[in-house]
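For reference, the structure discussed in these notes is given below.
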Amino acid sequence: MVADDYAREGLIDKAIAVVSRALKVAPLDEGLRHRAMAFREAKRLEHKREAAIEGLRAGRMSATAADTWILQLPRIWRYLVTSDLVLRLEADQIRQLFASCVIERFRPGTILVEKGSRVAELFIVVSGVLEVRVPGSNAALRTLGSRDILGERALFEQQPWPASYHVTEKLVLLRLDRAGLEAALQGNSDPRGFLLLLREQRNDQQVEALVKSVG
């Protein structure tokens, strides 16, 4: 179908136009309806991609991240494209959130945050692996990786971190502090929904329960 050829070439608007014309001729064709929905979703996702890259460019990078990631912002998008954040937030919210974050990079062996710390920050893992441990033990209670969010209780409730988080594979993440959160909320089209999405990840709560279970 001509519309599919347009879509493969990245010409989503033309693909949508072709299917829309076909639907006028055959309005009951379910196949055409499904194609139309798929093309519109692809268009929406492309809009989000553009917003994400724009936000990342407007945001900040730590000194450790700038040398490697300044030309690889599209890679961050590819890691996060299937995350709850991207799927559930609108394009303007994604742009504002990413512009309010700091891109950080950490080498294996680094402790991202220690148990009991009161650093009020939230982390969105782009790539890499973190092991959740308690002091005095090298055993991992849990591992976290791409698309995981941690620190919701630390940022929103000022709760101490329930465990230590050790970087075991080269880690890239987005860091959101209180100033960044305030910036992400300014003019946000749905601030309540935005906050609920960040808070409902519950990784902090689950880690705290694991720590308590091992005594």
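The values are calculated or read from the model by the stated rules, or taken from the named source; none is laboratory data. Just so it is clear, the structure is predicted and the values come from calculations on it, not from any experiment. All Cβ positions, even for glycine, are placed from backbone atoms using ideal geometry, and neighbour counts span all protein chains on display. SASA here: full protein model, heavy atoms, side chains in, ligands and nucleic acids out. Shrake-Rupley method; radii C 1.70, N 1.55, O 1.52, S 1.80 Å.
Could you say whether any residue in region 95-102 is among the basic types (K, R), crowded, with 20+ Cβ neighbours inside 10 Å and at pLDDT 95 or above? Yes; the residues of region 95-102 include at least one that is among the basic types (K, R), crowded, with 20+ Cβ neighbours inside 10 Å and at pLDDT 95 or above.
Of the residues R202, R118, which is in contact (Cβ under 8 Å) with a residue 40 or more places away in the chain and over 23 Å from L89 (Cα atoms)? I'd like the intermediate steps shown before the answer.
Details: R202 fails: over 23 Å from L89 (Cα atoms).
After ruling out the rest, the residue left standing is R118.
Filter region 135-167 down to the residues that are of a type in the set (S, T, Y) and open to solvent by less than 50 Å² (accessible area, probe 1.4 Å) and list them by number. Outline the logic, then answer.
First pass over region 135-167, keeping only residues of a type in the set (S, T, Y): 137, 143, 146, 164-165.
Those that are of a type in the set (S, T, Y) and open to solvent by less than 50 Å² (accessible area, probe 1.4 Å): S137, S146, S164, Y165.
Among the residues making up region 168-215, a single one is out of contact with any helix residue (DSSP H, G or I) (no Cβ under 8 Å at 6 or more places or on another chain) and on the phi > 0 side of the Ramachandran plot: G215. Filtered by the rule that a residue be open to solvent by less than 40 Å² (accessible area, probe 1.4 Å) and among the polar types (S, T, N, Q), region 173-200 gives a lone residue, N188.
Of the residues making up region 21-78, those that are open to solvent by 90 Å² or more (accessible area, probe 1.4 Å), modelled with pLDDT of 80 or more and part of a helix (DSSP H, G or I) are H47, E50, E54, R57, R75, R78.
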